[in-house]
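Please read the structure below before turning to the comments.
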Amino acid sequence: MTSNKLSKRIRALLDYEDNITTMIASARFGGNGECDCSKDRVKMNVSENRLVYDVLREKMQKCTRSETWEDDMFMYSERGGVPELKEAIAKYLRATTRAVMPIDPKQMVVLNGADAGLEAFGHIICDAGEAVLLPAPFYSGIHRNLKTRFDVNVVPIPLSSEPKSGESKPFELTVERAVKAYKTAIQEGIVVKGLFLVNPNNPLGDVYSRQLVLDLLKFANRYDLHVVLDEVYMNCIFEEGIDHYSIFQFKEDEIPDLQKVHFIWTFSKDLAMGGMRISANYTWNEDVFRSLYAIAHFHPVPTGWQRIMTKLLSDTDWCTDVFLPTSVKRLKEAFDHFTTGLTKLGVPFHGGPAGLYLWADFSKFLSARTAEAEIAFHHKVIKAGVEFSPSLLYGGSERGWFRVVFARKLDILELALERIQRALQS
Ligand SMILES: Cc1ncc(COP(=O)(O)O)c(C=O)c1O
């Protein structure tokens, strides 16, 4: 960006957008700037569960049909969310996390999405130039949310497809890896203030064990770090027999410093409503709560909308007995269908038991293990009419891996597999 009439801050944001989207934009637009987007491109890059809209539609129609538009639904909302919505979210979290710890709506701030929550926690914990640890590959939005407006850096904890000695599986997150990343950052003069954990993980689909969550909390406590637990996929676990250990499932006295632990949940993933823009941001720390409350001024959710969503979420039985079982059943079907197809094509992957996506290894189809070759492969796939996201966007250190969102109908998955095959053969 060349204009010097705008602020440095906005230039940084625009530069960031330019850099990060160059590879994607150049795939969408030919060298001469001509758009080459085919209307029917299968888009497997956005983390949306597109398998459940029929169930949602039916419920939403009921919720909206019986709604009386009271005067206060047109008025400004209480900052940080209307109490009824916060109570409904707390009820949902109590039911689905099998919470041991009390969940108090008064410690919750509603913002317009988990991205806003991630940005808010980064802003609250770090000054400009300071950093948080984040296992990599990571959800690309975290870097964007932290870096672009408040200049908070991400220090990756690099995970590897090849387990090191002492590790039992690919991409295993261990305390040893966290300590190493932390110490290296400190030696480089970086001020590290926090650890962000996404559990279940995006993009890997892993669910952390109870022991690992505890060990990471202890690690963070040892180095005086805040921990932000992004648990937005907590009810997107589609394999049976897998337990997710939400922070609410621990006893208070098990957690080394609850004052430094914070939590994020959203309507976007569990409930497949990314367009509705509602997140719950929870903390045990009074100052952090006051900060979230102050930030909520910038991220309001429309009042009438909050009331309708309250109605939907208050029907806990519908959530736990109708919606979530349907959602995970369909996710499992889609995952099995898509991974069977990928295996036939000779594409290894890391995926399950959770999430809407898997982490697929196309490295053997790259001309070289370089960023350029990864982008070239990305373009090739797009030309074949299917789109998913390169590891370059996710801070992944191994070239050739892509995040592919499989939460699509089976006929769409079939079409995608055909097109991937075409790309691999071209
Ligand atoms: C791990 C994670 N956190 C947060 C978000 C953002 O969610 P929201 O739509 O509520 O902003 C996403 C969206 O993909 C995500 O994957």
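About its Cα centre, segment 164-253 has a charge dipole of approximately 420 debye under the convention of +1 per Lys or Arg Cβ and -1 per Asp or Glu Cβ, with nothing else charged. FRET efficiency for the Ile242 to Ala12 pair, using the beta carbon distance and R₀ = 41 Å, is estimated at 0.50. Which FRET efficiency value, to the nearest 0.05, do you get for Arg422 and Gln187 by plugging their Cβ-Cβ distance into 1/(1 + (r/R0)^6) with R0 = 45 Å? That pair, Arg422 with Gln187, gives E of 0.40.
Take the Cβ atoms of Trp318 and Tyr293, set R0 to 30 Å, and the FRET efficiency comes out at 0.50. Among Ala220, Gly341, Gly352, flag the residue with its Cα farthest along the positive direction of the charge dipole of the chain, charges on Cβ as +1 for Lys/Arg and -1 for Asp/Glu. Working it through, the farthest residue towards the positive pole turns out to be Gly341. Taken about its Cα centre, segment 104-162 carries a charge dipole of roughly 140 debye when the Cβ of each Lys and Arg holds +1 and the Cβ of each Asp and Glu holds -1. Going by accessible surface with a 1.4 Å probe and the largest first, Arg408, Arg65, Arg210 read Arg65, Arg210, Arg408.
Along the axis of the charge dipole computed for the chain (Cβ charges of +1 for Lys and Arg, -1 for Asp and Glu, origin at the Cα centre), the listed residues Leu415, Ile186, Phe196 are led at the positive end by Leu415. Exceedance of the 30 Å cut-off in Cα-Cα distance is limited, within the set Lys8/Lys180; Lys106/Lys329; Lys164/Lys383; Lys62/Lys409, to Lys8/Lys180; Lys106/Lys329; Lys164/Lys383. Using C-alpha pairs below 8 Å separated by at least 6 residues, the relative contact order for the chain is 24 percent.
Summing Cβ point charges (Lys, Arg +1; Asp, Glu -1) relative to the Cα centre of the chain gives a dipole of roughly 860 debye. Candidates Gly275, Leu134, Gly395 compared by Cα position along the dipole of the chain: farthest toward the positive end lies Gly395, with charges placed on Cβ.
Expected output is a single nm value to one decimal: the length gained when fully extending between Arg57 and Asp257, i.e. 0.36 nm times separation in residues minus the C-alpha distance. What is it? Before the final figure, lay out the partial values.
Values: separation 200, 0.36 × 200 = 72.00 nm, distance 4.21 nm.
Result for the pair: 67.8 nm of gain on full extension.
Within the shell of other residues whose beta carbon sits under 13 angstrom from the beta carbon of Glu286, the net charge comes to +1, with Lys and Arg scored +1 and Asp and Glu -1. As a length-normalised measure over Cα pairs under 8 Å and 6 or more apart, the relative contact order of segment 70-316 settles at 31 percent.
Counting pairs of alpha carbon atoms under 8 Å apart in space and at least six apart in sequence, what relative contact order in percent does segment 342-426 give? Don't skip to the answer; put the middle values down first.
On the way: 109 pairs, mean separation 26.3, N = 85.
Normalised by residue count, the contact order of segment 342-426 is 31 percent.
Accessible surface of Tyr53, taken over heavy atoms with a 1.4 Å probe and every protein chain present, rounds to 80 Å².
Stretching the chain fully between Ala368 and Glu162 yields a gain of 72.3 nm (0.36 nm per residue, less the alpha carbon separation). By DSSP, the beta bridges lying fully in the chain are antiparallel in about 50 percent of cases.
Secondary-structure-derived ellipticity at 222 nm for the chain, considering helices only, amounts to -13000 deg cm²/dmol, per-run term -39500 (n - 2.57) for DSSP H runs with n ≥ 4. Taking amide H atoms as placed 1.01 Å from N in the peptide plane, the amide H of Val261 lies under 5 Å from those of Val227, Trp284, each 5 or more residues away in sequence or on another chain. Taking only the Cα atoms of the chain, the ratio Rg/Rh comes out at 0.95, with Rh defined as the Kirkwood radius.
Using only the heavy atoms of the protein chains and a 1.4 Å probe, how would Val179, Val322, Val405 rank by accessible area, largest first?
Values: Val179 25, Val322 65, Val405 0 Å².
The most accessible residue leads, giving Val322, Val179, Val405.
Taking label points 7 Å from Cα along the Cα-to-Cβ direction, Glu333 and Ala95 give a separation of 2.3 nm.
Our coupling estimate for segment 374-383, obtained by passing each phi through the Karplus curve with A = 6.51, B = -1.76, C = 1.60 and θ = phi - 60°, is 5, 5, 4, 5, 4, 5, 4, 5, 4, 4 Hz, Gly and Pro reported as x.
The values are calculated or read from the model by the stated rules, or taken from the named source; none is laboratory data. These numbers were taken from a predicted model, which means no experiment stands behind them. Neighbour counts run over all protein chains shown; Cβ positions are idealised from the backbone, glycine included. Ligands, DNA and RNA are stripped out before the accessible areas are found, and what is left, the full protein with its side chains, is counted by its heavy atoms. Shrake-Rupley method; radii C 1.70, N 1.55, O 1.52, S 1.80 Å.
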